Amino acid sequence: MDPRINFFQNAVAAKFLRHINSAGKVLTDSGLPAATQELVKIRASQINGCGFCTDMHTKDAAHAGETAQRLHLVAAWREAKVFTDAERAALELTEQGTRIADAAGGVTDEAWENAAKHYDEDQLAALVSLIALINAYNRVNVTIQQPAGDYRPGMFG
């Protein structure tokens, strides 16, 4: 499988990726826990059917020490006992923020209030921004049919 366009070699796409990657660096350096960040990226990518990002973020999480059990249970987080209450709140916000078009009311007050119990304002800002960012990456990769499976942790820097 080949992508519809080589996003890594196209000048316009490369400029876009530099900017969006800079936004990602801001979030990586935020106070939002790294494990939570990877869980959010994985869950949004699963929902959006982005194989490239699902591959990347499960491998990055495993490389950072995340357990296989937790990685295997991200899609079924509601029934899994392996996630903290804070992680569950972040995953719920991720699902609702990713599935905006599926819900007439968007993100519920309950989901927001639950996340606000576990994260301070800066962490909430990072969480909301991360949800938006991973959804943008997912949409690029799904649209161009970026193949999955070859990612190696650290290969993009």
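The values are calculated or read from the model by the stated rules, or taken from the named source; none is laboratory data. For clarity, every value in this text was computed on a predicted model and none was experimentally measured. Glycine gets a Cβ as well: all are built from the backbone with ideal geometry, and neighbour counts include every protein chain shown. Surface accessibility is based on the protein's heavy atoms, side chains included, excluding ligands, DNA and RNA. Shrake-Rupley method; radii C 1.70, N 1.55, O 1.52, S 1.80 Å.
Report yes if some residue within region 101-116 is in contact with a helix residue (DSSP H, G or I) (Cβ under 8 Å, 6 or more places away or on another chain) and either among the basic types (Lys, Arg) or within 25 Å of His19 (Cα to Cα) (or both); otherwise report no.
So the first thing to find is which residues in region 101-116 are in contact with a helix residue (DSSP H, G or I) (Cβ under 8 Å, 6 or more places away or on another chain), and the list is 103, 106-108, 111-112, 114-116.
Now restrict to residues that are either among the basic types (Lys, Arg) or within 25 Å of His19 (Cα to Cα) (or both): none.
Scanning region 101-116 turns up no residue that is in contact with a helix residue (DSSP H, G or I) (Cβ under 8 Å, 6 or more places away or on another chain) and either among the basic types (Lys, Arg) or within 25 Å of His19 (Cα to Cα) (or both).
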Restricting to region 34-51, what's the tally of residues that are more than 10 Å from the chain's Cα centre (by Cα) and without any contact (Cβ under 8 Å) to a residue 40 or more places away in the chain?
1
Does any residue of region 104-124 turn out to be under 16 Å from the mean Cα position of the chain (by Cα), within 16 Å of Lys41 (Cβ to Cβ) and of a type outside the set (Gly, Ala, Ser)?
yes
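If the requirement is being open to solvent by less than 60 Å² (accessible area, probe 1.4 Å), aliphatic (A, V, I, L, M) and within 20 Å of Asn6 (Cα to Cα), which of these qualifies: Ala115, Ala136?
Values: Ala115 fails: within 20 Å of Asn6 (Cα to Cα).
Just a single option satisfies the conditions, and that option is Ala136.
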List the helices (runs of 4 or more DSSP H) inside region 1-111, counting only whole elements, that have at least 3 residues being surrounded by fewer than 16 Cβ atoms within 10 Å (Cβ to Cβ) and modelled with pLDDT of 95 or more.
11-28, 68-73
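Mind counting the residues in region 118-133 that are open to solvent by less than 60 Å² (accessible area, probe 1.4 Å) and either of a type in the set (Ser, Thr, Tyr) or assigned to a loop (DSSP other than H, G, I, E, B) (or both)? Before you say what the answer is, go through the steps one by one.
Residues of region 118-133 open to solvent by less than 60 Å² (accessible area, probe 1.4 Å): 119, 123-127, 129-131, 133.
With the extra rule that they be either of a type in the set (Ser, Thr, Tyr) or assigned to a loop (DSSP other than H, G, I, E, B) (or both), the set shrinks to 119, 129.
So the answer is 2.
Is it the case that Asp85 is farther than 25 Å from Lys117 by Cα and acidic (Asp, Glu)?
Values: farther than 25 Å from Lys117 by Cα: no; acidic (Asp, Glu): yes.
Against the criterion (farther than 25 Å from Lys117 by Cα and acidic (Asp, Glu)), Asp85 does not qualify.
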